[in-house]
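The block underneath contains the structure these notes are about, expressed in structure tokens.
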């Protein structure tokens, strides 16, 4: 065998770029190009159903209209409400679930797998299921509540703004708590057992251990769960589309449903694109805020050892 | 090597697809029909198309099934026509789409073939006319009507007040609901509301395109519907119901009245599925002082793609499918024929499930929804505010003022009125 000269650093870098080039091109094509196109589209008045209006360039006109659009602000409010309530419930229940699953008990493997079932059910199916359960006449929710003496008349959940949110949020919590639970469980298992042993030796209570060992060390996992869930909640669409359709009126309509409505139902490409860009900016901003605010590097402890 | 191996597959697909369009090998002109083509509807259509091809040996018709869901089909058509696709040549249009497609320049004006518009009910022609030209031929019509229980009442109510009194009597006798209808936030809600609006003498839009739904008559109509809900005559659940949920309630004997389309008559007369089989009849929705008894017009019309390469062949198919023979055959499927003369044809009695005179009296009251290119968007705005008022979030007058303001803003933004005026000037 002939000895080969080691390649120098610059040709190494060139080879690196060359090797990543296909991936970069693909990312450019499937992520950045559509995004750029959407931004460009959002600067036009473009209504597919009204070709007589043409496709005039209107600059930030669509954005200015959105800022004065009461339905948009309401939708944003609904989305925020949904995100805050459902994510906090999912996180607290998920943590409890993770702590329980972290204990050693018989059949733990089966429990861990079974817990994933709600998560594995397609959202549309889960949404239909919950809608049936909250049906005013045949639904089990009303039966249980009246048997418990809490209801005198069957409640028609989906015709009141406040009550329509209850099944929606419950369905989301039911469906995604297991996901949060498993994410946190993975975090729990990476915590060194010796820390707890040492704390116990020093007489620390379980509550103290939870607050001073578990939660701080679980922070990266919590952050991942929080980001995933908040961004998902902010883009909530199918669940509400199936369960309430945004009603009654528009009182459960989230931003994604409003966007879908103007973009795909009404085919207002310009306005819908502007709405999509705003949703994108809001979710992007949220992700940034989390990363900064919680001071955790998503990629792990790299470079901070 | 991999990419080379997989290349033939897309090529074969392209070859396959290109075989399907254009001229077949035998030199016949191929036209494509897009519409509902499943089940019984598909069988009737296939028979009719076979007869058409026998009568027109130079034309071959390809039937392309499109989704039965109106919203999905609409979306598909808009995408095709926006791309100026020449196919499908003949389009099955929901009655409210014609002005939209006409204004967009997506369907041909049929005036050049001089269709005999006078043979059809005027409401069905009005719905398919835009800026003075006819753009689609009515194929079959749907009308909103009142289903009433013959075991509870001796006759259908002659007025809204009578209907309210009847419902109270029936509920005292143990029938849970007075009247069920379609109250979910969708097009069905508007079709129901328009019948009350007509009954009280209101309308959505003036002939010159201004929104007047918040007139005193409109407010009276919406207040009346709101009272149906607040008095319990209509259960609150109705605000989440479409056609089928209301049919189930009526069919199980839970309601004295139901507002629905004609399709339910045959289904609910099957004794093993229906507790009201043989115990109900239909009538026109009643009127009220100041207005007229109104039946919202639904149904389908046939239009021709403006980008077709075979306009004359396409017209031949449209003419054939809407001819009296075919219309009669199609009436078995549930809708009513839009040709007036057919109601004097003794054969109609064999194909529709209700007495012909009754059917005629209802379809004569048919009122089209506003024939404007922006109907769907206007309807969506109206749906939201109607639903808010009916679910008790805002008062009826406030809801209609809000709706009218938003709808008028849309009329202004889309320059619809200028467009109609300029089209009318330019057409001979």
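Computed from the coordinates by the stated procedures, all read-outs in this text should not be read as laboratory data. Here the structure is a predicted model, which is why all the values come from computation and not from measurement. Quick reminder, even Gly has a Cβ in these numbers, built from the backbone with ideal geometry, and neighbours come from all protein chains shown.
Numbers at a glance
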| item | result |
| --- | --- |
| Volume per residue that the Cα convex hull of segment B:240-283 spans, once the total is divided by residue count, Å³ | 70 Å³ |
| Chain B - percent relative contact order, Cα under 8 Å, separation 6 or more | 24 percent |
| Overall dimensions of segment A:26-75 as given by Cα atoms, namely Rg and Dmax in Å | 13.5, 39 |
| C-alpha long axis of helix B:311-321 to longest principal axis of chain B, angle in ° | 40 degrees |
| Number of partner chain Cβ atoms within 10 Å, mean per residue of A:116-122 | 0 |
| Helix-only mean residue ellipticity at 222 nm for the protein assembly as shown, each DSSP H run of n ≥ 4 adding -39500 (n - 2.57), per residue, nearest 500 | -16500 deg cm²/dmol |
| Two-site label geometry, residue B:111 and residue B:398: point separation in nm, points 7 Å out along Cα→Cβ | 4.7 nm |
| Dimensionless Rg over Rh [segment A:142-222; C-alpha; Kirkwood] | 1.26 |
| √(5λ) per eigenvalue of the Cα gyration tensor, segment B:184-343, largest first, Å | 32, 25, 14 |
| Spatial separation of Cα centroids for segment B:257-276 and segment B:363-409, in angstrom | 29 Å |
| Antiparallel %, DSSP beta bridges [both residues in the protein assembly as shown], to 5 | 65 percent |
| Part-to-part distance (alpha-carbon centres) for segment A:142-215 and segment B:55-118, which is given in Å | 54 Å |
| Per-selection Rg to Rh, chain A - Cα, Kirkwood hydrodynamic radius | 1.07 |
| Burial order of peptide ranges A:103-115, A:214-226, A:156-168, B:254-266 (average beta-carbon count within 10 Å, highest first) | B:254-266, A:156-168, A:214-226, A:103-115 |
| Relative contact order [Cα under 8 Å, 6+ residues apart], segment A:115-238, whole percent | 24 percent |
| Over the protein assembly as shown, equivalent-ellipsoid semi-axes from the Cα gyration tensor in Å | 52, 37, 25 |
| Where labels lie 7 Å past Cα in the beta-carbon direction, separation of residue A:281 and residue A:105 in nm | 4.9 nm |
| Separation between Cα centres of segment A:74-100 and segment B:301-348, rounded to whole Å | 56 Å |
| Chain A, relative contact order in percent, only Cα pairs under 8 angstrom and at least six apart counted | 28 percent |
| Label-point separation, residue B:292 to residue A:119 (7 Å along Cα→Cβ), nm | 6.3 nm |
| DSSP bridge orientation in chain B - percent antiparallel, rounded to nearest 5 | 65 percent |
| Proportion of all alpha-carbon pairs of segment B:338-394 beyond 19 Å (%) | 56 percent |
| Two-decimal Rg/Rh across segment A:194-274, once Rg and the Kirkwood Rh are taken from alpha-carbon atoms | 1.37 |
| Average beta carbon contacts from partner chains per residue of B:379-387, 10 Å cutoff | 3 |
| Residue among A:229, A:49, A:71 with the largest mean-square fluctuation in a Gaussian network model of chain A, springs linking Cα atoms under 10 Å | A:49 |
| On Cα atoms only, tilt of B:70-82 relative to the major axis of chain B in degrees | 40 degrees |
| Segment A:65-202 - convex hull of alpha carbons, volume per residue in Å³ | 200 Å³ |
| Coordinate range along principal axes, alpha carbons of chain B, Å, largest first | 75, 57, 51 |
| Cα gyration tensor shape for segment B:255-384, rounded if a/c is under 1.5, else prolate or oblate | oblate |
| Relative exposure of B:101, B:250, A:33, judged by other C-beta atoms within 10 Å (fewest first) | A:33, B:101, B:250 |
| Gained length - residue B:263 relative to residue B:84, 0.36 nm times residue gap less alpha-carbon distance | 60.9 nm |
| Degrees between helix B:416-426 axis and first principal axis of chain B (Cα, 0 to 90, nearest 10) | 50 degrees |
